[in-house]
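Worksheet: one structure, shown below.
The values are calculated or read from the model by the stated rules, or taken from the named source; none is laboratory data. Since we're looking at a predicted model, the values are computed, not measured. So basically every Cβ, Gly included, is an ideal-geometry build from the backbone, and we count neighbours across all protein chains shown.
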Amino acid sequence: MSKTSAKDSVTTASIEEQTAAFLKAGGSIEYVVKGTSGQILPSGSKPASPKK
């Protein structure tokens, strides 16, 4: 009996189907320019740098 991980069972076709279903349900895809992070930075204070 062979073991297959969930990662191995994902195919390009299933990703395309999931994307199409997401868009059909009203979802949107945002393009992020190369070199730009999609992460939202917290507005709080920055941590202290130990090297100073």
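See the values below:
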quantity: Residue within region 23-33 that is of a type in the set (Gly, Ala, Ser), at pLDDT 85 or above and surrounded by 10 or more Cβ atoms within 10 Å (Cβ to Cβ) present; calculated: no
quantity: Test result for Ala20, surrounded by 10 or more Cβ atoms within 10 Å (Cβ to Cβ) and at pLDDT 70 or above; calculated: yes
